[in-house]
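Derivation of every value follows stated rules applied to the coordinates shown; laboratory data play no part. None of the values given here were measured: they were computed from a predicted structure. When we count neighbours, we look across all protein chains shown, and the Cβ atoms used for this are built from the backbone with ideal geometry, even at glycine.
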Amino acid sequence: MATPNRNDAMTLLTTYTKSESLIHHAQAVEAVLRHYARKWGEDEEKWGLIGLLHDLDWEQFPDQHCAKTTEILTEAGWPADWIRSIRSHAWGMFTDDKPEQPMEKVLYTIDELTGLITATALVRPSKSILDMQPKSVKKKWKDKSFAAGANREVITQGAELLGEPVDDVIAETLAGMQTVAAEIGLAGTDD
């Protein structure tokens, strides 16, 4: 296979994922990885596509998370290092692939964080991330019952792997998500 492109990735994503919220999550993760790639002078397309497909198998094969993605992407001819990077986001949960490369560390860290930011936006009067500040996310972070599925320990551990304060990771993740607010349904209401 030639180097994969976004059309290839979207075709795969929409073949295995029908849930709008999961597609929006994939797009949010993609946007944050692209944001970090731009910031650090890395391959924005590669980082983005890995983010887009990180949960490829989650809807249909949650008990085989990452194993099925490995199978699907290997069969489709995707690069082995890209597949390994995707696997690393589930380190300690579904795989033993520790995040080692900068992109892997970002993916591991922000996967759960995008969910927390989305949940925070949805309880705001504006329903938007465009007017949201990192302090709003930090406030909700402290309420362990809020978005309880967003594993704060993973986010904290990921920030440590990145060598960045959690507050900085929240700010960068929010900035990345804001670039696709409309596409992920978080541009707010027009009331």
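Assorted remarks:
- Computed packing ranks the peptides 68-78, 5-15, 140-150 as 68-78, 5-15, 140-150, most packed first, by mean other Cβ atoms within 10 Å.
- Order of MET132, MET103 under a 10 Å beta carbon neighbour criterion, fewest first: MET132, MET103
- Checked against a 23 Å cut-off, the cross-linked pairs LYS18/LYS68; LYS46/LYS68; LYS39/LYS105; LYS98/LYS127 give Cα-Cα distances beyond that limit for LYS98/LYS127.
- Values of log10 I(q)/I(0), in the order q = 0.17 Å⁻¹, for the chain under a Debye, Cα-only, solvent-free model: -1.10
- Note on ALA76 and GLU153: their simple-model spin labels are 3.2 nm apart, each label 7 Å out from Cα toward Cβ.
- Positive-end extreme of charge dipole, region 6-178 - chosen from SER88, ALA147, ILE72 (charges on Cβ): ALA147
- Projected label points at GLU45 and ASP131, each 7 Å from Cα along the beta carbon direction, are separated by 3.9 nanometres.
- Protection proxy ranking, peptides 156-162, 96-102, average beta carbon neighbours within 10 Å, highest first: 156-162, 96-102
- Region 6-178, dipole about Cα centre (Lys/Arg Cβ +1, Asp/Glu Cβ -1), debye to the nearest 20: 800
- Mean Cβ count within 10 Å, highest first, over the residues of peptides 16-24, 29-37: 29-37, 16-24
- Helices meeting the span-like rule in the chain (full DSSP H runs, Cα extent of at least 20 Å along the helix axis, mean Kyte-Doolittle score of -0.5 or higher): 20-40, 102-122.
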